[in-house]
C-alpha cells in the first residue's frame, strides 16, 4: 500500500508540474508576432491598440498580453512543449463592406507548423502573396474562398503536396489552370468555382485519384472535358457548370459510378445525353440545362432511384410524348423547360409528392391546370409560355409552401380565386400575359411575404384596389395594360420601389400621397388619362425612372425636377406641356454620369424570372428595354408637346444620354453646338420644330450616333460629313429644310469661304462631297486632285 501511495504521489507531482508548465508557457513568440501583424494589416490598426478599438469580428480576444493559443480561431499543438500554432480558423473576421489587403496573409505564411488555414469571407483584395507559401509544407486544409482575390493561382500552391482540401472559389482569379495541379495527389476536394479562369482543363487533373469533389463552375474554361477525368473513380461531385465547354458529353461519364452530383449546365455541349448516365445509380443531382443537347430525353432517367434534382431545360431536347413514365425516383426539383412537352400536363408528376420546384415553361402544354397540382408540396411552380386554359384552381392557394407562382403568358382566364390570400408564403406572383378578368380580390393583401406582383397584360378591371398593410414587403408591382380606371391607386405600402400602371384608364390628378413612397425608384403611368400640371413635390421622390408618356398633363415643366439626382429616364412625351425647357434639366446627375447598373428588387429577380421589360419610345418606335440592363440606359423624351423657345445649351452637359427626343414641339433658335459633347448619344430626334441655323459641326464628334432626324425645321447650310455623320445619308431625316445642302440630300453646296475650315468638306476617309460649283471656284485644287471622283459622281 505504501508503494502504491508513493507511486500515486509521484504521478500527481508529474501531473502538477506539467500543468504548471503549460499554464505559463505561451505560444511561440514568432507565431504571436505573426498573428498580431496579420491583425494589424487586416484592420489597419496598430498591433498595440486594444481590441476594443477594433470594430472587426473575432479579434476581441486577440490581446498582445495574452497567450495566442487562447485567441479565437487559433489552435495550438498542446502535445508539443513549444505549443506551436497548427490551425487557424479565421473565416468572416472582416465585415463584408470592408476591403482588406491580401498582403495581410504574408505573416501567416511564415508559420510552417500550420496544418489548417481558413481565411474565407474576409474581403481580402489583391493577389495571393507568393512569398512564404512554400513554407506551408504541412498544410492539409486551405480555404481562401469568398474574398476579392485576383491575379493567377501562385505556382507555390501546387507544391503543397499534403493538401487534402483546397478551396479558392468565389474570387476574381484569372489565368489558366496549371498542369501542376496534378501534383496535389492527396487532394480530396478541389473548388475553384466562381472565378475568371480560362483555357482548357488540364489533362493532368486526372492524376488526382483521391478527389471526391471537383468544382470548376462559373469560370471561362473552354474545350472538351478531358478524358482523364473519367479515371477519377472516387469522384462524388463533378461541377463544371457555367463555363464554355463544348463538344459532346463523354460516353464514359457513366463509369464514374460514385457520382451523386453531375452539373454541366450552361455550357456549349451538343449531341445526345449519353446512355451511360441512366446507369449512374448513385446520382442525386443531374444538371444539364442551358446547353445545345439534342435527341429524345431517355425515359430511363426516371428509373434512377436516388435522383432528386433533374434540370434538362433550355436545350434542343425533345420529349417522347407517347412514353409511359412510371418514375422510381422521388424528385424534389425538376426543370423540363423548352423540352417539347405536348398536350396535358404529365400525369406521372402527380406521384412526385416531394416535388418542391417545377419548371415546365416554354412547352406546348394545353388544357386546364390539373387539381392534383395542389396536392404537391410545391414551393415554386413555373409554367410560363404554354397554352394552359381555364381558371386557377382555388386549391393551389391552400398550400403553405408556395413561394413562387409564375404562370405568365398562357391562356388562363376567369377571376383570381378569392382565397388567394391563404397562400401567405408567396413571395413572387407573376400572372402576366393571360386573360384574367374582374377586380383584384381583397384577400391578396394577406400575402404577407409578397415581394413581386406582375398582373400586367390581362383584362382586370375596376376602380377599387386592395390596400396593403404598412408592414408589407411589396416592392415590385406591375398592373400595366389592363382595364383599370378611376384615380391612381397608391395603397401598395411604403417599401414599393417599382410601380407600373401604364396602359390603363386611370384619370384625375397625380395623387400627392405618392410623396410618401420614400423608396419609389420607377414610376410608369404612361398611356392613361392623367390630367393637371406636373407638381413640384415629385422632386422629393427618389426616382430613377419616371414615365408619364401619353397622358393629358399640361402647364410648364417644373424646374424642381432637376433635383432628382438619380433620374436617368424621363419621358414626358405625348402631353400638353408648354413653355420653355428648363435650363436646370442640364443638372440631372443621373443623365450626366449614368451608372453601369443599379440594384432594384426587380433587377434581382430578372435573372431568374421573365419580368416584363420597360416599354420606351426608342429611336422612333416603341421598344422594350431589358430590365436587368435598365441602369445603363439614359434618355430624355419631351416630344409631342407644345414646348417653345430655344433648346437650352445645358442639355449638352447630359453626357450619359443615349436618347434625346425633342420632336413635334415649337422649339426655335439654333441647335446647341454643345450637343457634340453627348458622347454616348445613339438617337437624336429634333424633327418637326422651328429650328434654324446650321447643323453644328460638333455632330461629327457623336461617335455612337446611329439614329438622327432633323426633318421639318428651318435649317440651312452644309450637312456635316465627319464621323458618324458620314453614315447619316438617308434624305428623309433632313427633309423639309429648304436651306440644307450636301451629298446626303443630293443638293450641291456653294464653295466654302476662306474663313471656313476645309475639314468641314472632307470626310475621315479622304473622300468628300464637292459640288461642281466648288470645282469651278478652283478652291484648294491641290487637295481635290486626290479625291476619288467616282465616290461622288453619282451625286453630280
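The values are calculated or read from the model by the stated rules, or taken from the named source; none is laboratory data. These numbers come from a predicted model, not from an experiment. A quick note on method: Cβ atoms are made from the backbone with ideal geometry, for glycine too, and the neighbour counts reach across all protein chains shown.
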### Summary
Scanning region 402-418 for residues that are under 15 Å from residue 450 (Cβ atoms) and part of a loop (DSSP other than H, G, I, E, B) gives 402, 403, 416
### Message
Looking for something crowded, with 20+ Cβ neighbours inside 10 Å, in contact with a strand residue (DSSP E or B) (Cβ under 7 Å, 6 or more places away or on another chain) and over 27 Å from residue 479 (Cα atoms) - is there at least one such residue anywhere in region 354-377?
### Response
yes
### Among the residues listed as 282, 243, the single one being crowded, with 20+ Cβ neighbours inside 10 Å and either farther than 23 Å from residue 318 by Cβ or within 30 Å of the chain's Cα centre (by Cα) (or both)
243
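Each row is one residue, and each column tells you yes or no for (1) outside any loop (DSSP other than H, G, I, E, B); (2) touching a helix residue (DSSP H, G or I) at 6+ places or on another chain (Cβ under 9 Å); (3) under 29 Å from residue 281 (Cβ atoms); (4) at pLDDT 95 or above.
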{"residue": "325", "(1), (2), (3), (4)": "no, yes, yes, no"}
{"residue": "340", "(1), (2), (3), (4)": "no, no, yes, no"}
{"residue": "367", "(1), (2), (3), (4)": "yes, no, no, yes"}
{"residue": "373", "(1), (2), (3), (4)": "yes, yes, no, no"}
{"residue": "384", "(1), (2), (3), (4)": "no, no, no, yes"}
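Which residues, taken from region 437-447, are part of a loop (DSSP other than H, G, I, E, B) and either closer than 14 Å to residue 423 by Cβ or at pLDDT below 95 (or both)?
Taking region 437-447 and keeping what is part of a loop (DSSP other than H, G, I, E, B), we get 439-441, 447.
If the condition is that a residue be part of a loop (DSSP other than H, G, I, E, B) and either closer than 14 Å to residue 423 by Cβ or at pLDDT below 95 (or both), then 441, 447 are the ones that fit.
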### Complete set of residues in region 448-472 that are assigned to a loop (DSSP other than H, G, I, E, B) and surrounded by fewer than 17 Cβ atoms within 10 Å (Cβ to Cβ)
448, 449, 463, 464, 466, 467, 469, 470, 471
### Query
Conditions: (1) farther than 30 Å from residue 435 by Cβ; (2) part of a loop (DSSP other than H, G, I, E, B). Residue 537 meets all but one. Number of the miss?
(2)
### Query
Before we move on, is residue 493 free of Cβ contacts under 8 Å to residues at least 60 places away in the same chain and part of a loop (DSSP other than H, G, I, E, B)?
yes
### Query
Given the conditions (1) over 19 Å from residue 551 (Cα atoms); (2) surrounded by fewer than 21 Cβ atoms within 10 Å (Cβ to Cβ), and given that residue 440 satisfies all but one, which numbered condition is not satisfied?
(2)
### Task
Kindly list the number of the only condition in (1) crowded, with 20+ Cβ neighbours inside 10 Å; (2) within 30 Å of the chain's Cα centre (by Cα); (3) within 30 Å of residue 445 (Cα to Cα) that fails for residue 491.
(1)
### Message
Can you find, within region 167-203, the residue that is farthest from residue 134 (Cα to Cα) among those that are out of contact with any strand residue (DSSP E or B) (no Cβ under 7 Å at 6 or more places or on another chain) and not in a loop (DSSP other than H, G, I, E, B)?
### Response
203
### Message
Condition first: farther than 23 Å from residue 311 by Cβ and assigned to a strand (DSSP E or B). Now tell me which residues in region 388-401 satisfy that.
### Response
389, 390
### Task
Find the strands (runs of 3 or more DSSP E) located wholly in region 653-750 whose residues include 1 or more that are in contact with a helix residue (DSSP H, G or I) (Cβ under 9 Å, 6 or more places away or on another chain), and list them.
659-661, 683-685, 707-709, 714-718, 739-741
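If I filter region 292-301 for residues that are assigned to a loop (DSSP other than H, G, I, E, B) and closer than 28 Å to residue 210 by Cβ, do I get at least one hit?
Within region 292-301, the first condition is being assigned to a loop (DSSP other than H, G, I, E, B), and the residues that meet it are 297-298.
When the remaining residues are screened for being closer than 28 Å to residue 210 by Cβ, the result is none.
No, because not a single residue in region 292-301 is assigned to a loop (DSSP other than H, G, I, E, B) and closer than 28 Å to residue 210 by Cβ.
Out of all the residues in region 631-646, is one or more in a loop (DSSP other than H, G, I, E, B), at pLDDT below 95 and either surrounded by 18 or more Cβ atoms within 10 Å (Cβ to Cβ) or at positive phi (or both)?
First, pick out the residues of region 631-646 that are in a loop (DSSP other than H, G, I, E, B): 633-634, 638-641.
Cutting the leftovers down to at pLDDT below 95 gives us 633-634.
Next cut, either surrounded by 18 or more Cβ atoms within 10 Å (Cβ to Cβ) or at positive phi (or both) only: 633-634.
Checking region 631-646: at least one residue is in a loop (DSSP other than H, G, I, E, B), at pLDDT below 95 and either surrounded by 18 or more Cβ atoms within 10 Å (Cβ to Cβ) or at positive phi (or both).
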### Query
How many of the residues in region 708-729 are surrounded by fewer than 17 Cβ atoms within 10 Å (Cβ to Cβ) and at pLDDT below 95?
2
### Task
Out of 543, 506, report the one residue that is crowded, with 19+ Cβ neighbours inside 10 Å, in contact with a strand residue (DSSP E or B) (Cβ under 8 Å, 6 or more places away or on another chain) and part of a strand (DSSP E or B).
506
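Of the residues in region 395-414, how many are surrounded by 15 or more Cβ atoms within 10 Å (Cβ to Cβ) and over 15 Å from residue 377 (Cα atoms)? Working first, answer last.
First pass over region 395-414, keeping only residues surrounded by 15 or more Cβ atoms within 10 Å (Cβ to Cβ): 395-397, 399, 402-410, 412-413.
Then keep just the ones that are over 15 Å from residue 377 (Cα atoms); that gives 406-410, 412-413.
Qualifying residue count, region 395-414: 7.
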### Message
Within region 91-129, take every residue that is at pLDDT below 95, assigned to a loop (DSSP other than H, G, I, E, B) and touching a helix residue (DSSP H, G or I) at 6+ places or on another chain (Cβ under 9 Å) and give me the one that is farthest from residue 31 (Cα to Cα).
### Response
98
### Summary
For region 134-147, the count of residues that are out of contact with any strand residue (DSSP E or B) (no Cβ under 6 Å at 6 or more places or on another chain) and surrounded by fewer than 22 Cβ atoms within 10 Å (Cβ to Cβ) equals 6
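Can you tell me which residue within region 554-576, out of those that are closer than 18 Å to residue 509 by Cα and buried (at least 22 other Cβ atoms within 10 Å of the Cβ), is nearest to the chain's Cα centre (by Cα)?
The initial filter retains those residues of region 554-576 that are closer than 18 Å to residue 509 by Cα, namely 554-558, 561, 571-576.
Those left that are additionally buried (at least 22 other Cβ atoms within 10 Å of the Cβ): 557, 571-573, 575.
Working: 557: 34, 571: 25, 572: 28, 573: 30, 575: 34 Å.
Here the residue is 571.
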### In region 140-166, the residues that are in a loop (DSSP other than H, G, I, E, B) and closer than 27 Å to residue 95 by Cβ
144, 145, 146, 147, 153, 154
